[in-house]
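No value in this document is a laboratory result; all are computed from the given coordinates. Note that this is a predicted model, so its numbers are computed, not measured. Heads up, the Cβs are rebuilt from the backbone with ideal geometry, glycines too, and the neighbour counts pull from every protein chain shown.
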Amino acid sequence: MPPPGTFTILLFGPAQDRAGSGQVTVQARVECTCGELLRALGEQHPALAFALPAARLAVNHALVAPDHRPRPDDEIALIALVDGG
């Protein structure tokens, strides 16, 4: 099994408020998919679990599919749907 990588995930809005920071780090295997990274995010940062069911990740300023494989040095942002209108 490859060693884990450290991924930094940028947070905005309610996710940032819940985390108390504009970013968090997540440990995951280097070859993980974005779907796996979201699961690891929820496990390692339970305060963010509320945002994950409808969340997507943006990698290097582009929304990506759950099967996309980010690199630890990519810019990764949590894009969570927000209630309201």
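For THR8 and ALA62, the difference between the fully extended length at 0.36 nm per residue and the C-alpha to C-alpha distance is 17.8 nm.
Which order do the peptides 5-11, 19-25 take when ranked by the mean count of other beta-carbon atoms within 10 Å per residue, highest first? Working shown, then result.
Details: 5-11: 18.0, 19-25: 13.3.
Sorting 5-11, 19-25 by mean packing, highest first, produces 5-11, 19-25.
Relative to the longest principal axis of the Cα atoms of the chain, helix 34-44 runs at roughly 70 degrees. The tail of the calculated P(r) for the chain beyond 18 Å holds 34 percent of all Cα-Cα pairs. Of HIS68, HIS61, HIS45, the sequence from fewest to most neighbouring Cβ atoms within 10 angstrom is HIS61, HIS68, HIS45.
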